[in-house]
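Data first, discussion second: the structure below is written as structure tokens.
The values are calculated or read from the model by the stated rules, or taken from the named source; none is laboratory data. Just so it is clear, the structure is predicted and the values come from calculations on it, not from any experiment. As a convention, Cβ positions derive from the backbone with ideal geometry for all residues, glycine included, and neighbour counts pool all protein chains shown.
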Amino acid sequence: MSATPNSNDDEGIDHDRNVETDVGEGGGKGENAISATKVGDSWPTRIWKKCKKFYAANSFLILVMCAILLALAYPPLGAKYLAPQITATWIAVVFIFVLAGLGLKTEELGKAFSNVRFNAVVQVFNFGVVSSIVFGASRFLVSVGALAKALGDGMVICSSVPMTINMVLVLTKSSGGDEASAVFNAAFGNLVGVFLTPLLILGYLGVSGEVALGNVFYKLGLRVVLPIAVGQILQKFSMTVVNFVKKYKPYFKSGQQYSLIFIIYTVFCRTFQNGSEAKAGDIFLMIALQFALLCLFMVTAWYLMKLLFRDQPKMRVMGLYGCTHKTVAMGVPLINAIYEKDPNIGLYTLPLLIWHPMQLVIGSALAPRLNAWTIREVERLGGNGKPDDAGLDSSTPSEMESGSIGDRTRSD
């Protein structure tokens, strides 16, 4: 039995009414009798519970929308008074990447040679194919005046970041895909992305007057590479820290998510305060383009996997997600580190914030169908017909993206 990523163990059970029955004794004939009945909750309580459940499943997207609206209401707060040059670009970013370092399973990188061909296809498609096609499409639309340049640049930046970690793992598992390949490619992609993403972005878009190349890599070293290295050192040599993080995992995951939301809030405060060239029509066009491109890439990746790995259904499922997903958790801090003084930084970030929920919604819809397909294919190929642990993960969408610590910290 499969489950979508945002399903819960008790989903579908009616909690409003609990009727217990006893089987009578004697006479060799049992009779059902209602022994206890719990009165249903009032309608305000039911609505409140449903709202809480909806928020738990969609908290990241809701918080992003609230952050953008708050930034629009009074931009100077996040642009100036909250000292974003310290709180957002240093404290929040360093906190996120230390936790990312604690969570990255670099020991999985040793498995690279077990399936070099598959891993290479996934990484080249995710970094190279996606970014080059998006670059070409966005440059054409900008050149004919159909799309604002800042949004076109944001699409290129979005396409250059690595794949998600938790979301790829959860969706691969729920779809019956190869979890070992998902773990390796997520860890490898994010580690390489720290260095490759800035090179791709600057290679495609060039170095503008707002970006000093030497200063960019200096800041990336201090804010990204060094915190990840510290997190890795703590993961390997300090079980006290690892156990502390595991013990208070929900609080660290919430702290990581709120740090990311705070960065997004300050980014849009600066954008709204400085104004932008983009109009509402440009934003809706960008959203339509992101959806069309994501669908195109998923279809292309699926048939490419079929061509290259025809008799490996689990690998094909993992490849579908690994080739096309992009991370908000690492992407937003990287954008902030590279373009912190650029007035268009909000527009650079927006395409990634659009891509993220799209990949989640599409992946969640495909997961049960892909799981059923994988079972059929494994049976047809003579396997056991039961993909490993398929459908057993009940992470919420917010945990998929922002929870980069948690179970990926080193076990006892």
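Values as computed for the structure displayed
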item	result
All positions within region 305-314 that are surrounded by fewer than 24 Cβ atoms within 10 Å (Cβ to Cβ) and either touching a Gly at 6+ places or on another chain (Cβ under 8 Å) or outside any helix (DSSP H, G or I) (or both)	Phe309, Arg310, Asp311, Gln312
Counted residues, region 361-380 - those being surrounded by fewer than 17 Cβ atoms within 10 Å (Cβ to Cβ) and either over 23 Å from the mean Cα position of the chain (by Cα) or not hydrophobic (A, V, I, L, M, F, W, C) (or both)	6
Flag for Phe252 being in contact with a Ser or Thr (Cβ under 8 Å, 6 or more places away or on another chain), of a type in the set (Phe, Trp, Tyr) and closer than 21 Å to Val332 by Cβ	no
Filter pass, Met358 being crowded, with 24+ Cβ neighbours inside 10 Å and out of contact with any Asp or Glu (no Cβ under 8 Å at 6 or more places or on another chain)	no
Qualifying residue in region 231-243 (condition: within 28 Å of Tyr339 (Cβ to Cβ), assigned to a helix (DSSP H, G or I) and either of a type outside the set (Gly, Ala, Ser) or out of contact with any Cys (no Cβ under 6 Å at 6 or more places or on another chain) (or both))	yes
Unique match (being in contact with a Pro (Cβ under 9 Å, 6 or more places away or on another chain), small (Gly, Ala, Ser) and within 30 Å of Ala88 (Cβ to Cβ)) among Ala337, Ala367, Ala329	Ala337
Region 174-193 residues that are more than 17 Å from Val121 (Cβ to Cβ) and surrounded by fewer than 23 Cβ atoms within 10 Å (Cβ to Cβ), paired with ones that are of a type in the set (S, T, N, Q) and at pLDDT 90 or above (beta carbon under 7 Å, 6 or more apart)	Glu179/Thr172
Selected residue [more than 30 Å from Glu179 (Cα to Cα) and surrounded by fewer than 20 Cβ atoms within 10 Å (Cβ to Cβ)] from Leu147, Leu151, Leu82, Leu61	Leu82
Checking Val142 against (1) over 27 Å from Arg310 (Cα atoms); (2) within 20 Å of the chain's Cα centre (by Cα), the condition it does not meet	(2)
Residue check, Arg223 in contact with a helix residue (DSSP H, G or I) (Cβ under 6 Å, 6 or more places away or on another chain), farther than 15 Å from Phe297 by Cβ and not in a loop (DSSP other than H, G, I, E, B)	yes
Matching residues in region 136-170 - criterion: being assigned to a helix (DSSP H, G or I), of a type in the set (A, V, I, L, M, F, W, C) and closer than 23 Å to Pro333 by Cβ	Ala150, Leu151, Met155, Val156, Ile157, Cys158, Met167, Val168, Leu169, Val170
Verdict on Leu320 being touching a Leu at 6+ places or on another chain (Cβ under 9 Å), of a type in the set (A, V, I, L, M) and either without any contact (Cβ under 8 Å) to a residue 12 or more places away in the chain or buried (at least 24 other Cβ atoms within 10 Å of the Cβ) (or both)	yes
Selection status of Gly128, touching a residue at least 24 places away in the same chain (Cβ under 8 Å) and not hydrophobic (A, V, I, L, M, F, W, C)	no
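Conditions tested, residue by residue: (1) at pLDDT 90 or above; (2) crowded, with 17+ Cβ neighbours inside 10 Å.
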| site | (1), (2) |
| --- | --- |
| Tyr204 | yes, yes |
| Leu213 | no, no |
| Phe244 | yes, no |
| Val267 | no, yes |
| Lys279 | no, no |
| Met286 | yes, yes |
